[in-house]
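First the structure, in the form of structure tokens, and then the observations on it.
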Amino acid sequence: MSMMDTLRELGKREEVFSFLQHAAPSPALDTRHGPILYVEGVTKSFDGFRALDDLTLYIDDGELRCLIGPNGAGKTTLMDVLTGKTRPDTGQAWFGQRLNLLELPEHVIAQSGIGRKFQKPTVFEQLTVFENLELAMHASRGLWTSLRWRLDGEQQDRIDEVLALISLTEQAHAPAGVLSHGQKQWLEIGSLLMQNPRLLLVDEPVAGMTGQESEKTAELLTSLAGKHSVVVVEHDMDFVRSIARTVSVLHQGSVLAEGSMDEIQSDARVREVYLGE
Amino acid sequence: MRGLSWKGAILLGLLMVPAVVVADTDGMSADERAEKLAEQQKKQTQTRTEGLSGEAASIVERLATDDWQAINDVVEELEALAAPETLPVLQALSDRRLYFDEQGRVLIEDPATGEYSDAITGETVEVASENLSQPTLTNAIRRGIRPLIGQLQLFSDDVATRRAGAEELADRPRPEMLGRLKELRAEESNPEVLRLLNIAIARLQLDASDSEERLEAVEVIADVRSARMKSELESLLETDAQGDPVEPDAAVREAARDAIEAIEERQSTARFLSDLVYGLSMGSVLLLAALGLAIIFGLMRVINMAHGELLMIGAYTTFIVQNLFALMAPQWFSFYLLAAIPAAFVVTALVGILMERGVIRFLYARPLETLLATWGISLILMQTTRVIFGAQNVRMASPEWFSGSVQLMQGVSLSTSRVGVIAFAFFVVALVWFVMNRTRLGLEVRAVMQNREMAAALGVSANRVDMWTFGAGAGVAGLGGVALSQIVNVGPELGQNYIVDSFMVVVLGGVGNILGSVFSALGLGVFSKFLEPVAGAVLAKILLFVAIIVFIQWRPQGIFALKGRAGDDD
Amino acid sequence: MLMRQPFVMRLARLHSGFGWAVLLLLTALALVVVPLLNQFVTPDSALYIPDWLVTLTGRFLCLALVALALDLIWGYTGILSLGHGAFFALGGYVMGMHLTHNRMETGTIPNFIQFLGRDDWPWFWVPFQSFWFTAVMVFLVPGALALVFGFFAFRSRVRGVYFAIITQALTFASMLFFYRTETGFGGNTGLTDFRELLGFSVREADTRLVLFMLSAVAVMLSYLLCRYIVTSKLGRVLVAIRDAESRVRFTGYNPLRYKLFVWTVSAMLCGLAGALYVPQTGVINPGEMAPANSIEMAVWVALGGRGTLVGALVGAGTVNGLKTWITAAYPDLWLFVLGGLFIAVTLFLPKGLMGLRQQMAGRSKQ
């Protein structure tokens, strides 16, 4: 490791200090120029393997975008970069015009309006379904507010509403750990809804779901578009076809093609990558 | 079947333990006997004469007496005679191994075998020990014998013996030997013996009345840069009550000043070198203590708080082997340490496997629970040891080849055990490296640790590999215990002192990285050795902990870390 | 959003009516029944509570307070600390320094400071002459150490066993520091030979009784504080951190602040426990910081049941009761029992005594 890297690493550590600021940065989201997400020239290597290679991507406000691509194309790494989990080697990532995603820690990014659903469903297993939703609810994340927090009637209604939407009303007071795989997926989506983010990053939402369940998911995600921007990573082509307006194909860490599902399917390069033709 | 034989072996081991601890032959417990054997082997003594004749024989014969005056005369006559063949007699006299029987035969006891031989004929004599008596010695006589032995040793053909003699004389030369020492110096070929002789001569000449001779002495000292002469030189530069210099000759004073400077320069180089080696040695001890942990914690991610107790068991196994040798094979006693190496490995590996099968394998998914359970195991192991061996430290007797000292450069010598432990550490590291990288077991271990499911799919039994890995890690800890037994006190709490340090080494080196542990252990050893004089031992240790904690802030993955895409998903 | 509610109402909801009744009963037992049975019943009566038992129980209460603090950080937040002995001992040293001032006549200094070649109090000893300063420092000293240490550790996301190990190094290093005579804390003898506190002799049975009652009050109030924390949304965030810390971060909470808060509170409670413990035992020395002590604290919590505050109290009482009995009756056996406890609890009682009923029910269902 060179001296420079070390210094850079020290520099990055600095960010965590941001918790010393009294309040989280206000969600000064500026989307007047159209796109809500700008990703430009992002590169990230792991031990010489380029997970992201000069990737450029724009998402419009209110858009529903699907990301597809073979394994190792960089889809999950992209999500990691956007949520602050991974810092890229070079490149830019802006949320609206003002928020530099590469400088904010994970929790500030989440507070400013980017919600993420993981590939492997992660819910708080020891908490009940209700408590999972309560924690995710859009509200101040401060220590003292949490200590004195109490739900008001309106918030209670909101949780009930989401519970009904994700069909978990009956399990509301069961620990999330006992839910089935599909139910956990739903709970995680429900938590996302409670967070009320401007941009949803959804990683493989229908893995482990029955046909009926994934239809319902498709419906839900489609209905979210407009008010929210949604980026969906999915392998299930039928599912993608059922929701997609615009599809981006990732290959070897950069965008190979972009367009409607039909355009993508007729694209020669995509066929080559996917089918080896 | 296998289980049965393990149990059998363990049962047998347990049965033998009390026997070895308390076994009592001719009024000596096993460890007392071991101590005596080691003590006697340390002195490289010839245990019988090759037959004496003529004047020597007639003088030695007169040792068969209770009269210390007579013995004093005998010693003086032997000194005047200066016959090298009387050396075994003098040594036996000095070590209280000389006896005489009712017939007036002078007998020498062999410390290793307990046999007696006739001092005059050199032949073995069968004699009952209750019929023997010892010549009476005063301390003054004893003091007189030692330089005499030293002088006689100088005639030996064996370099080590000559060196031992010169060493004695360099410390306590007798003025009347000056002439003979100069003769010997002229004949001596070995540089180290020559150096010691020069010191002895210089020490005598320093008191000479002739200033030429004193100057020569100071120059000799400057030449050999002997640190032990520094205070003598310094006293030359002092002034007496009247303010006059003790040394009247200015040239001698000047030479003494130069000599002191040369000595000091040598001393600082020597100190640096010995600190470095000593630090490496401390690091090697740390490494040996931590290596087993590096395997168990590093590869299996099992927090084994009983690791220190595995070291302790290794050390106690060495103790048992030592006692077995003392009891059953005293003639092979000096090799007990070599036998202890495989024994300690096997015993601790067995204990480790028992731990793994009995407790740890049920806790693989719960690291914090493993920590607590292994702590419980450590308490039980410690208390068991206390019940069997007692709460006191046991007596370890290092074999003679491991308890001397090694000369690194002129004036820098370190105890063999300190240097030996470095070599041993490298041996163990090489062994571990070989097993991990060149054997089927190592391959399977690495496969399982990287991807259990995949390895299992390829037909590797992860369960079995876990057991062997843990056993191997525990065995390596046992090897560490063998090394520790030669350096620190062996008691039930032995392991407790190493557990925190060992974890620090592994964490600092990067978990799962054995090479990292090697560097971090050696680095910590050298670092703390150099920090000690500045900050004091305890503060150095505290500073070290603080440094490690700060270091982990900066590089949580340790010195050598593999960067990977595998994230930190909770 | 944040509904203003009377604090009393929030407090009332900490427990069911039954729970409050039990709590009140226990408090009454400690504050009324025990003093009565100790003071007004003749020693030959079966109901008499001897002085030694009062002091012993008082000490147990302090240890129970430590267990409570450890449960907050380990049971709820999933952060195992093997260094709580250091915070406990720091609280003890703070109180011990005040008591040492009290035992010295004006103008004199203890021997261990004289040996350092000085004839006055070192600067860091001077303010402990004041009781109120001491009372504040009992919380601030362990709290500050925890805050600084925790900040650095949590900031670099040191977790799980790594955190446990560096906390062990923390208490080990503190122990070495206090063992040094040069640091001015009495070396390995520590501070002892205490005489009085606020004008009352700490050797008198009556003072001991009051200290016992104070310890009981401290445990009760700390219990309520912990209960308040764990039943709040903050408590649920703590559990969430234990389950999936990165998920908490992506939900918009900053785990660092939450962990640091509960870690510091926990250390302060330990400091309080240490400060109450020392006048009741009459000595504080670096041995309290030995890593073994801190690990033993973990077994109190594990035996009682992690993540149940009552369990921590029960566990501390059980283990220390056993220890007192066995070390007196069968001294050689104690370490076997303790070691066996560590193993048995982790293997067979993962939820501790409090989870026993649940575990039984689960088994019978199968």
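The values are calculated or read from the model by the stated rules, or taken from the named source; none is laboratory data. These numbers were taken from a predicted model, which means no experiment stands behind them. Cβ atoms come from the backbone with ideal geometry, glycine included; neighbour counts cover every protein chain shown.
Descriptive notes on the structure:
- For the residues B:S378, B:S398, the requirement of being over 30 Å from B:D466 (Cα atoms), out of contact with any strand residue (DSSP E or B) (no Cβ under 7 Å at 6 or more places or on another chain) and among the polar types (S, T, N, Q) singles out B:S398.
- A single entry from C:R195, C:R180 fulfils the requirement of being among the charged types (D, E, K, R) and either buried (at least 23 other Cβ atoms within 10 Å of the Cβ) or in contact with a strand residue (DSSP E or B) (Cβ under 8 Å, 6 or more places away or on another chain) (or both): C:R195.
- Filter result for B:E126 (of a type in the set (D, E) and farther than 23 Å from B:I59 by Cα): yes
- Scanning segment B:101-122 for residues that are touching a residue at least 40 places away in the same chain (Cβ under 8 Å) and over 35 Å from the mean Cα position of the chain (by Cα) yields B:G104, B:R105, B:V106, B:I120, B:T121.
- Pairs linking a residue in segment B:376-396 that is within 12 Å of chain C (Cβ to nearest Cβ) to a residue that is modelled with pLDDT of 90 or more and surrounded by fewer than 20 Cβ atoms within 10 Å (Cβ to Cβ), with Cβ atoms under 6 Å and 6 or more positions apart or on different chains, are B:I380/C:F336; B:Q383/C:F336.
- Residue list for segment A:60-86, filter: within 14 Å of another protein chain (Cβ to nearest Cβ), over 12 Å from the mean Cα position of the chain (by Cα) and crowded, with 17+ Cβ neighbours inside 10 Å: A:A73, A:G74, A:T86
- For C:V32, the stated conditions hold: it is surrounded by fewer than 15 Cβ atoms within 10 Å (Cβ to Cβ) and at pLDDT 80 or above.
- Test: residue in segment A:108-116 that is out of contact with any Pro (no Cβ under 9 Å at 6 or more places or on another chain) and within 7 Å of chain C (Cβ to nearest Cβ): no
- Residue in segment A:137-158 that is within 13 Å of chain C (Cβ to nearest Cβ), surrounded by fewer than 23 Cβ atoms within 10 Å (Cβ to Cβ) and β-branched (V, I, T) present: yes
- Qualifying residue in segment C:246-265 (condition: over 30 Å from A:P121 (Cα atoms) and in contact with a Cys (Cβ under 9 Å, 6 or more places away or on another chain)): yes
- Criterion violated by A:L102 - all others in (1) among the hydrophobic types (A, V, I, L, M, F, W, C); (2) in contact with a Pro (Cβ under 9 Å, 6 or more places away or on another chain); (3) under 25 Å from A:P205 (Cβ atoms) satisfied: (3)
- Among the residues of this structure, B:A326 counts as one that is in contact with an Asp or Glu (Cβ under 8 Å, 6 or more places away or on another chain) and buried (at least 24 other Cβ atoms within 10 Å of the Cβ).
- Conditions (1) at pLDDT 85 or above; (2) surrounded by fewer than 22 Cβ atoms within 10 Å (Cβ to Cβ): number failed by A:V270: (1)
- Which listed residue is in contact with a Leu (Cβ under 7 Å, 6 or more places away or on another chain), free of Cβ contacts under 8 Å to residues at least 12 places away in the same chain and either within 14 Å of chain B (Cβ to nearest Cβ) or on the phi < 0 side of the Ramachandran plot (or both), from C:Y76, C:Y48: C:Y48
- You will find that of B:L237, B:L215, B:L276, the residue that is farther than 30 Å from B:E79 by Cβ and in contact (Cβ under 8 Å) with a residue 60 or more places away in the chain is B:L276 and no other.
- Criterion applied to B:L98, B:L152, B:L137 was being surrounded by 13 or more Cβ atoms within 10 Å (Cβ to Cβ) and free of Cβ contacts under 8 Å to residues at least 60 places away in the same chain, and the one residue passing it is B:L98.
- Boolean, C:V217 is under 28 Å from B:I549 (Cβ atoms) and either more than 7 Å from every other protein chain (Cβ to nearest Cβ) or outside any helix (DSSP H, G or I) (or both): no
- Per the conditions (1) touching a helix residue (DSSP H, G or I) at 6+ places or on another chain (Cβ under 6 Å); (2) assigned to a helix (DSSP H, G or I), the sole criterion not satisfied by A:P205 is (2).
- One residue stands out among those in segment C:168-206 that are of a type in the set (G, A, S) and in contact with an Asp or Glu (Cβ under 9 Å, 6 or more places away or on another chain): the one that is farthest from the other protein chains (Cβ to nearest Cβ), which is C:A205.
- Residue check for B:D110: surrounded by fewer than 20 Cβ atoms within 10 Å (Cβ to Cβ) and over 13 Å from B:I59 (Cα atoms): yes
- Only one entry of B:I514, B:I552 meets the criterion of being in contact with a Leu (Cβ under 9 Å, 6 or more places away or on another chain), modelled with pLDDT under 80 and away from chain C (no Cβ under 14 Å), and that entry is B:I514.
- Count of residues meeting criterion [within 13 Å of another protein chain (Cβ to nearest Cβ), under 15 Å from A:L64 (Cβ atoms) and aliphatic (A, V, I, L, M)] in segment A:194-219: 4
- Counting only helices (runs of 4 or more DSSP H) that sit completely within segment B:426-544, those holding 1 or more residues that are surrounded by 18 or more Cβ atoms within 10 Å (Cβ to Cβ) and acidic (D, E) correspond to B:440-450, B:462-485, B:496-509, B:514-535.
- Note on segment C:225-327: enclosed helices (runs of 4 or more DSSP H) holding 1 or more residues that are within 14 Å of chain A (Cβ to nearest Cβ) and either on the phi > 0 side of the Ramachandran plot or crowded, with 24+ Cβ neighbours inside 10 Å (or both) are C:233-243, C:245-250, C:255-281.
- Matching option when the condition is within 26 Å of B:A34 (Cβ to Cβ), modelled with pLDDT of 80 or more, out of contact with any Leu (no Cβ under 7 Å at 6 or more places or on another chain) and of a type in the set (S, T, Y), among B:T124, B:T161, B:T113: B:T124
- Conditions (1) under 33 Å from the mean Cα position of the chain (by Cα); (2) more than 28 Å from B:Q69 (Cα to Cα): number failed by B:K182: (1)
- Of all the listed residues (A:S248, A:S223, A:S242), the sole one being polar (S, T, N, Q) and assigned to a strand (DSSP E or B) is A:S248.
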